[in-house]
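Engineer: Structure in C-alpha cells, see below.
Quick note: the coordinates plus some simple rules give every number you see, no bench work behind them. Please read these numbers as outputs of a predicted model, since none were measured by experiment. Here the Cβ is made from the backbone with ideal geometry for all residues, glycine too, and neighbour counts use every protein chain on show.
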Amino acid sequence: MKARAELISILKDVIKRNIRQNKHLIEKLCEYGDNLSFKGSRDIKKGEVNMLLIAIAESDIDLAQDPEACPDDLRLLAELILFLWTAGSSTSAPTTASAAFEMGLDSSRWSRLAEEQDTLVCAAGSVEVTYEQAQSEMPLLDSFINEILRMHPAAPGVVRRVTDDVRILGSHVQNGEIVYLDYTAAMRNSSVYPDPDTLKIDRFLRSEGERPAPGVIAFGPLVSPHRCLGEGLAKILMRTTLAVLLRKYTMRLDPGQTRKYAVVPDDSPR
Amino acid sequence: MQRNITHLRSKRFLPDGVTDKGLHRATRHRNFPILGFFVDNWMSRTAGVLAAKYGKAYRTNFVTYSSRLVVTDKDTFREIERNDDLFGSTDAHEVVEAVFGESSMLMADGRENAVRRSKVAPAFSPNVYPFFFDKINARVIKTWTAVEGEVNDKGSVLLDPIFRRHHLSIIVEMKTGIVMDSDMSDILVLRSSQAEKPSTHRPSVRFTMLQ
C-alpha cells in the first residue's frame, strides 16, 4: 500500500507536468472532444499527443486553475492511470507470451503465420509494419490471437455481487452472494466452439460459405457496458509485436519447455 | 414445494423488458409452477455439452472463497452484464478495491460506469490509434533488437519477463508520455506480489533464436 501511495503521488506530478507543458495542446483536444481523430485533426501531430492528455481534456480538471485546486480530480486521474497501466500490461503480456509459445510449439503454425507476413512484406516492399496492416490486413494472425485469447484468457472470468434474490439458470442466488462468470469455461464450450481443446489458428478466419466462430469473450461479452475499453489497442499491440517477430526472425522453442501451464483451472468444466 | 416456487417467482427476477434469450429463456417454464420447475431443471442440465457435467451454472465451494454460483454460459453473461443494477461490480472486487481504490473503473455500475467510461473512451477510440502507432512500432523493434542481442550473447532468452516489460513500457508511454528505459515493473504492486507465485495462466517461455 505504501508503494501504491508513492506511485499515486508520482503520477499526480506527471499529470501536473503534462498540464503545465501541454496546456495549448490540451485546449485543442478539449475543442475536438469526441471528434478527435487522426484524419480529422490535422493540427495535432503524430507522437505529440498521449492518452493522458486526452484524458485530462475529458476530465473535470480546470486548466485555468492550479491543478492542486482540484485534488479529487487529480487523484481520480492518477488512480485511473495506475489502473490502466496494470490492466493493460498484465493482460496483453501473458497473451503475447502464450501466443509466442504456441507458435514455437508447432512449426506448421509458425510457417503459416510467417507466410501471411511475407505476403504483406512483398506487397508493401518494406519489412516495416504499417498501421493499416496492423489494423486490418493480418486476418490469420488476428484469428490466431483470438484463438489464444479463447484458450488462455488473461482474465479468466469476473465476479459480480447480486443485489437482490435472483434465479439464474435454475439456481437460486441470495442477495449479497457472489456470482462468478467463468469466461474460460464458456470459451471451451464445444457447442459454441467445436473441438474446443484443440488450437486451430484459423478458427476465427472468415471464409466463404463457412461461418466463422463467434467472437471471444476474453474482453467481456460483446455488447456489455463493462467490455474492455483497451481491446482494439491491445490487439494492435500484440499483432505488431508478433508481426515483427515473424518478419525478422526464426525461433526455436527451448527443449526444456513443457506445456504444463496450459491447464483449465480444475474447478471449471472442460 | 409449490409455495416455495411461488415465493421465488414473486421475487424480482430481472428488470422489466428483458426479452432476450439467455436468462429469460431458462425460466420461461416457470409460468407452470410445478411442471415448470422440472422442465427448467431438465433444460439447464441438458443444454450444451458443458451441462452434461456441470450445467451452465453450478455451485462451488472453494477453500478460500465463500460459496458462489459459477456461470459458464455466454448468453447469460450478456444478460448479467447488461443488468448491472442487479449484478453489481461494487463490493465484488475486494482486491481490486484495495489496490486501485474504490473509484476504479472496475467498481462502477450503471450510470456511474457510463459516465466514467465516456470520459476515458475518447483516449481509446480507434480514431486516435494512428497518433500512437509509430511509438508502438518503434518500441516493438527496440524490444526485438534487444532480444536478438541477448540471444547472440547467451544463446537463448526467456521471453516472458521481456514481454511484461515490453507491454508495460508501451502502455506507460502511450498513457503518460513517459519513456520507460529502466525496469519499472517491480514498482507495480500487483506485479511484485504475483511474481512470487507463478500462475497457471502465465507461461514461462524460453526461446532460442535462429539467425
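Engineer: How far is it, in nm, from the label point at A:Arg211 to the one at A:Glu68 when both lie 7 Å from their Cα along the line to the Cβ?
Structural biologist: 6.2 nm
Engineer: Placing +1 at every Lys and Arg Cβ and -1 at every Asp and Glu Cβ, with all other atoms neutral, what dipole size does the stretch B:124-169 have around its Cα centre, in debye to the nearest 20?
Structural biologist: Using only the charged Cβ atoms, the result is roughly 160 debye.
Engineer: Can I ask one more? Rounded, prolate or oblate for the stretch A:196-242? Axes are the square roots of the Cα gyration tensor eigenvalues, ordered a ≥ b ≥ c, and the cut-off for rounded is a/c under 1.5.
Structural biologist: oblate
Engineer: Let me ask something additional. Per residue of A:38-50, what is the mean number of Cβ atoms on other protein chains within 10 angstrom of that residue's Cβ?
Structural biologist: 4
Engineer: Next up: Between A:Asp202 and B:Glu148, how high is the FRET efficiency from 1/(1 + (r/R0)^6) when r is the Cβ-Cβ distance and R₀ = 22 Å? Nearest 0.05.
Structural biologist: After rounding to 0.05, the efficiency reads 0.15.
Engineer: Just order B:164-172, A:161-169 by mean Cβ neighbour count inside 10 Å, highest at the front, would you?
Structural biologist: With the highest mean Cβ count within 10 Å placed first, the list reads B:164-172, A:161-169.
Engineer: Can you compute the helix-only [θ] at 222 nm over chain A? Use -39500 (n - 2.57) per DSSP H run of at least 4 residues, normalise by all residues, nearest 500 deg cm²/dmol.
Structural biologist: Roughly -16000 deg cm²/dmol at 222 nm, from the helical runs in chain A.
Engineer: Can you bin the stretch A:26-156 into rounded, prolate or oblate? Criterion: square roots of the alpha carbon gyration tensor eigenvalues sorted a ≥ b ≥ c, rounded for a/c under 1.5, prolate for a/b above b/c, oblate for the rest.
Structural biologist: oblate
Engineer: Okay, moving on. Please identify the helices of chain A, taking whole runs of DSSP H, that span at least 20 Å along their own axis as judged from the Cα atoms and have a mean Kyte-Doolittle score of 0.5 or higher. Provide the component values of the computation, followed by the final result.
Structural biologist: Working: long enough: A:2-21 (29 Å, -0.33); A:71-105 (51 Å, 0.57); A:107-124 (25 Å, -0.41); A:231-248 (26 Å, 0.62).
Qualifying helices: A:71-105, A:231-248.
Engineer: Quick check on packing: order A:73-80, A:21-28 by the mean number of other C-beta atoms within 10 Å, highest mean leading. Before the final figure, lay out each step's value.
Structural biologist: On the way: A:73-80: 20.5, A:21-28: 15.5.
Per-residue Cβ counts within 10 Å, averaged per peptide and sorted highest first, yield A:73-80, A:21-28.
Engineer: In the structure displayed, which of A:Lys16/A:Lys39; A:Lys45/B:Lys135; B:Lys119/B:Lys175; A:Lys45/A:Lys248; A:Lys235/B:Lys135; A:Lys39/A:Lys248 lie more than 20 Å apart, Cα to Cα?
Structural biologist: Over 20 Å apart, Cα to Cα: A:Lys16/A:Lys39; A:Lys45/A:Lys248; A:Lys39/A:Lys248.
Engineer: Once you put a point 7 Å from the Cα of A:Leu105 and another 7 Å from the Cα of A:Ser190, both along the Cβ direction, what distance in nm separates them?
Structural biologist: A separation of 1.9 nm, rounded to one decimal place.
Engineer: Over every pair of different alpha-carbon atoms in the stretch A:127-169, take the mean of 1/r and invert it; report that Kirkwood radius in Å.
Structural biologist: Details: mean 1/r = 0.0714 Å⁻¹.
Result for the stretch A:127-169 stands at 14.0 Å.
Engineer: Using only atoms on other chains, find how many Cβ atoms lie within 10 Å of each Cβ of peptide B:132-142 and report the average.
Structural biologist: 6
Engineer: Quick check on chain A: take the gyration tensor over C-alpha atoms, sort the square-rooted eigenvalues as a ≥ b ≥ c, and tell me if it's rounded (a/c under 1.5), prolate or oblate. Each step should come with its number before you reach the end.
Structural biologist: Values: a/c = 1.99, a/b = 1.24, b/c = 1.60.
Verdict is oblate for chain A.
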